[in-house]
Amino acid sequence: MRFPSIQQELLRSALTTEGSFFTEEQFLAWVSGQSARCSYSVRQIPFLELNDWYFDASTGNLAHRSGKFFTVQGISVQTNYPRELSWEQPIVSQPEIGILGIIARSFDGVLHFLMQAKMEPGNINLVQLSPTLQATKSNYTQVHKGKLPLYYEFFEGRPKGTIIVDQLQSEQGARYLNKRNRNIILLVEDAVEARENFCWLTLGQLKRLLRYDNLVNMDSRTVLSGIQYGDGAEGGARPDAESASIALFDRRLEGFQRDLYRSLKEKDKTLYRFEDIISWFTRLKANAEIQVQPIPLNQVNGWHKNDHEIYHESRHYFSVMAVAVNASTREVGSWTQPLLKHFSCGIVGFLAAPINGVLHFLVEARMCPGYRDFIEMGPTVSCGEADYRMESGTAPLFTDCFYHADAKAIRFSAILSEEGGRFYHYQNRYMVVELDSPDRLRVPGNYIWMTYGQLLDFIRHTNYINVEARSLIACLSFL
């Protein structure tokens, strides 16, 4: 199968909102039923009640006795990027590479994706739509002495199918130290049974479900963001009614959806060439001075520990807590673990504007201490605790463009959870706000305008587009 053909099939799937198995209403009833019929509970416990977790006597680091899973440790940060800053904080160290994998298969001529209604202890609503396989190395090597994750055999060793996406991508660099996952989508031809808690959905259905608050989890979003679309004109595609390109025009795309499609396809009207963006990004990284040093958790300045939590003296940012979990559908039925607890909703957003007649998105070269190369491309704004930051005057540049956005300018808005296996009730409002013109913005040198097509080009590569940007890119739709 030629790759351009797969791209066209992906575009056709992205335009299909009625799958072979569910309507949208039927799916919502199905996922609600999965939550109702399963037994789940999560409760906060004192640190002393953690099983197989301990605080190191000398460093105070919180670790698992197996030496696997993850460790909560401290770091000290000093940087001149984007200005002189220094601080200390706890961070999750999880150097192993996990797998986020989705199986795709054609039904009735349309690609469907095998998704799981999965419980994570940190999800605000517990059950969200996850990839076919969502597993850390400690999970799939069965350190927990539980069952092997379902469908792992498709991704073990050499993947068992045609590769659609296969990338190493980072996670939240403000909370994880050097954390990466393998994001992979496999197209298979043989029959694959949808086991209990699993279902088949088209890409168009998934795009529509992303409009619902806290329904499609972060791991699904990062994998879906890697999908590349054809325009129906590649690889000698026939100009008939089955062409994805003709299907697009048959639907008579209008407004933002039409502009988004042109932002994908119009490669000769970009404000900057690919090489220009690479040069901009390389120069920023080359001139940035960033030092991140591990320090003992019990020596992190400004952070305190009691029987139930590790917290900052300001009572902002996040805290470290412990939970006891019961879950009838997981590989292990019950366990205890630490989680990073977040206190309020943040804002993650792209500003968009027409440039040279083509939609561009304002991208920030963002520094986080947990990135392997310290700087990655992110959305225009990534602002935790948005209400507090706006009230205190500490919000990042351009946050007010989202906080006070005119409803007519909002192209996407939904509250979406971050990774529920490590973070407790960590939510951001993901937004796209379109400006009439970029002229009124004063854009500093660590920001740049890029088209949708350019963003997708950079996602193909490791350590360029951060997880917040990938999550928001996954939400963009031609429907």
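The values are calculated or read from the model by the stated rules, or taken from the named source; none is laboratory data. Owing to the predicted nature of the structure, the values given are computational and were not obtained by experimental measurement. Positions of Cβ are backbone-derived with ideal geometry, glycine not excepted, and every protein chain shown enters the neighbour counts. Only protein heavy atoms, including side chains, enter the accessible area calculation; ligands, DNA and RNA are left aside. Shrake-Rupley method; radii C 1.70, N 1.55, O 1.52, S 1.80 Å.
Summary value for the range 67-168: 20 percent relative contact order, contacts being C-alpha pairs under 8 angstrom separated by 6+ residues. Could you calculate the FRET efficiency of residue 35 with residue 285 from 1/(1 + (r/R0)^6), where r is the beta carbon distance between them and R0 is 51 Å, rounded to 0.05? Between residue 35 and residue 285 the formula returns 0.70.
When the chain is described by a simple charge dipole with +1 on each Lys and Arg Cβ and -1 on each Asp and Glu Cβ, the residue from 64, 106, 122 located farthest towards its positive end is 64. Largest first, the three principal axis extents of the alpha carbons in the range 19-147 are 59, 42, 27 Å in whole numbers. Contact order for the chain, expressed relative to its length and based on alpha carbon pairs under 8 Å spaced 6+ residues apart, stands at 22 percent. Annotation: the range 97-137 has a Kirkwood hydrodynamic radius of 11.5 angstrom, from the mean reciprocal C-alpha pair distance. Only the Cβ atoms of Lys and Arg (+1) and of Asp and Glu (-1) were treated as charged; on that basis the dipole of the range 338-479 about its Cα centre amounts to roughly 200 debye. Using the rule -39500 (n - 2.57) for each DSSP H run of four or more residues, divided by the residues of the chain, the 222 nm mean residue ellipticity is -6000 deg cm²/dmol. Residues in the range 330-338 carry Karplus couplings, in order, of 9, 4, 10, x, 8, 6, 10, 6, x Hz; the curve used is 6.51 cos²θ - 1.76 cosθ + 1.60 with θ = phi - 60°, and Gly or Pro positions show x.
Rounded to whole Å and sorted largest first, what semi-axes of the equivalent ellipsoid does the C-alpha gyration tensor of the range 336-454 yield via the square root of 5 times each eigenvalue?
Details: eigenvalues 138, 57, 38 Å².
Calculated on Cα positions only, the semi-axes equal 26, 17, 14 Å.
Annotation: residue 150 carries an accessible surface of approximately 70 Å², with a 1.4 Å probe and no ligand, DNA or RNA atoms counted. Nonpolar atom fraction for the chain, defined as the carbon and sulfur part of the 1.4 Å probe accessible area, stands at 46 percent. Coupling constants for the range 33-48 follow from the phi torsions by the Karplus curve (6.51 cos²θ - 1.76 cosθ + 1.60, θ = phi - 60°), and in residue order they are x, 4, 5, 6, 8, 9, 9, 9, 7, 9, 9, 6, 10, x, 4, 5 Hz; glycine and proline get x.
Looking at the chain, what % of its DSSP beta bridges pair antiparallel, to the nearest 5? Let's see the in-between values first.
Details: 87 of 107 bridges.
Counting DSSP beta bridges with both partners in the chain, the antiparallel share is about 80 percent.
Can you order the peptides 330-341, 198-209, 217-228 by their average number of other Cβ atoms within 10 Å per residue, highest first?
Details: 330-341: 18.5, 198-209: 22.0, 217-228: 25.8.
Listed from highest to lowest mean packing, they are 217-228, 198-209, 330-341.
Taken one residue at a time, the phi angles of the range 100-112 give Karplus couplings (6.51, -1.76, 1.60, θ = phi - 60°) of 10, x, 10, 8, 10, 8, 8, 10, 6, x, 10, 5, 10 Hz. Gly and Pro are set to x.
Comparing 138, 163, 343 along the charge dipole axis of the chain, the residue lying farthest to the positive side is 138, per the Cβ-charge model.
Hand me the trypsin sites (Lys or Arg not before Pro) from the range 17-125 located in a DSSP loop with no more than 13 other Cβ atoms within 10 Å, in residue order please.
65, 83
Under a point-charge model restricted to the Cβ atoms of Lys and Arg (+1) and Asp and Glu (-1), what is the dipole moment magnitude of the chain relative to its Cα centre, in debye to the nearest 20?
Details: 49 positive and 53 negative charges, 79 e Å.
In debye, rounded to 20, the chain gives about 380.
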